[in-house]
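Single-structure report; data block below.
Please treat every number below as a calculation from the coordinates, not as lab data. Keep in mind that this is a model prediction, so the values were computed, not measured. Note that each Cβ is placed from the backbone with ideal geometry, even for glycine, and that neighbours are counted across all protein chains shown.
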C-alpha cells in the first residue's frame with residue numbers, strides 16, 4: 001500500500017484579498033513559513049516519509065524542503081504538479097477580473113470544466129498532467145508514504161480523481177494553506193482517509 005499525503009504550500013501574498021496567483025513565483029510569508037514548520041512537526045509525529053515531490057514553484061519547494069528535513073529526503077520537483085496557468089488573469093485581483101471578464105469569471109465559478117482560462121489552461125489539461133504525474137509517482141513508490149506538496153488547483157483535481165469524479169467537481173473541496181489530505185492506494189483503488197486536515201496549524205492563527 002502507498003499512503004499519499006497531498007499538502008498545499010504555506011501562505012503567500014495574494015491569498016487575501018484573493019488574487020489569481022498561478023505560475024507567479026511567490027515566497028512564503030512569515031506565517032506561511034510557520035505553517036510549513038507546524039506541518040513538518042505534525043507529519044513527523046504521525047508518518048515516516050519515504051519520498052517527497054513538489055511543484056517546481058518556490059512556495060512549494062520551500063514548504064517541501066521544510067517538511068523533508070527530519071526525514072533527510074531530497075525533494076523532487078515535478079512539472080505535473082505545477083499550478084494552473086491562469087493566462088491573462090495571472091496576478092490580477094478577482095475583483096479586477098470580475099470587471100474585465102465578467103462572463104468568463106461566472107463560467108469559472110459555475111462550470112469551470114467547460115472553459116479555457118483566457119490565454120491559459122483548461123481544467124482538463126491540468127487534470128491530465130496532474131493525474132499523469134500521480135501515476136508516475138505511484139509507479140515509483142509501490143509501498144510507503146509519499147508527500148506531494150502542490151497547489152490548491154492540483155489538489156482539488158487529484159481529490160476528484162481519487163473520488164472517481166470529473167473536473168466538473170472542481171469546487172467540491174477547498175484546500176487550505178498547509179492542509180493535509182491523506183489517500184491510501186492499494187490494489188489499484190484509492191481510499192480517502194481525510195481531506196484538508198488543519199488542526200496542526202492552530203499555533204499559526
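Remark: relative contact order (the chain) = 32 percent; criterion is Cα-Cα distance under 8 angstrom and separation of 6 or more residues. Using 19 Å as the cut-off for backbone N distance, which residues of region 179-205 belong to the label zone defined by a point 7 Å from the Cα of residue 138 along Cα→Cβ? Flagged as within label range: 181-196. For helix 58-68, what angle does its Cα long axis make with the longest principal axis of the chain, in degrees from 0 to 90 and rounded to 10? On a 0 to 90 degree scale, this one is about 20.
Here the relative contact order of region 52-163, from alpha carbon pairs under 8 Å that lie six or more residues apart, stands at 35 percent. Against the main long axis of the alpha-carbon atoms of the chain, helix 152-162 sits at an angle near 70°.
I need 127, 185 ordered by Cβ neighbour count within 10 Å, fewest first. Working shown, then result.
Working: 127 22, 185 19.
Result, fewest neighbours first: 185, 127.
Determine the relative contact order of region 1-92: mean sequence separation of Cα pairs under 8 Å and six or more apart, normalised by residue count, in whole percent. Intermediate results must be reported in sequence, preceding the final value.
Values: 136 pairs, mean separation 32.5, N = 92.
Computed value for region 1-92: 35 percent relative contact order.
The fewest-to-most ranking of 182, 203 by surrounding Cβ atoms within 10 Å reads 203, 182. Region 79-109 and region 1-78 have their alpha-carbon centroids 23 Å apart.
Where a ≥ b ≥ c are the square roots of the eigenvalues of the C-alpha gyration tensor, would you call region 145-205 rounded, which needs a/c under 1.5, or, failing that, prolate if a/b is larger than b/c, or oblate? Verdict is oblate for region 145-205.
Helix-only mean residue ellipticity at 222 nm, the chain, DSSP H runs n ≥ 4 weighted -39,500 (n - 2.57), per residue, nearest 500. What is it?
On the way: 6 runs with 73 residues, N = 205.
Roughly -11000 deg cm²/dmol at 222 nm, from the helical runs in the chain.
Largest first and in whole Å, give the semi-axes of region 102-146's equivalent ellipsoid, each being the square root of 5 times a Cα gyration tensor eigenvalue. Don't jump to the answer; show the numbers that get you there.
Details: eigenvalues 203, 20, 9 Å².
Sorted largest first and rounded, they come to 32, 10, 7 Å.
Between 0 and 90 degrees, the angle of helix 123-140 with respect to the longest Cα principal axis of the chain falls at about 10 degrees.
Please find the FRET efficiency linking residue 191 to residue 15, where r is the Cβ-Cβ separation and R0 is fixed at 30 Å, and quote it to the nearest 0.05. Provide the component values of the computation, followed by the final result.
On the way: r = 30 Å, r/R0 = 1.00.
So, using R0 = 30 Å, E works out to roughly 0.50.
Does region 35-79 come out rounded, prolate or oblate by the C-alpha gyration tensor, with a ≥ b ≥ c the root eigenvalues, rounded set by a/c under 1.5 and, if not, prolate when a/b is larger than b/c and oblate if not? In terms of gyration-tensor shape, oblate. Can you bin the chain into rounded, prolate or oblate? Criterion: square roots of the alpha carbon gyration tensor eigenvalues sorted a ≥ b ≥ c, rounded for a/c under 1.5, prolate for a/b above b/c, oblate for the rest. Here the chain falls in the oblate category.
The order of 117, 73, going from fewest to most other C-beta atoms within 10 Å of their C-beta, is 73, 117.
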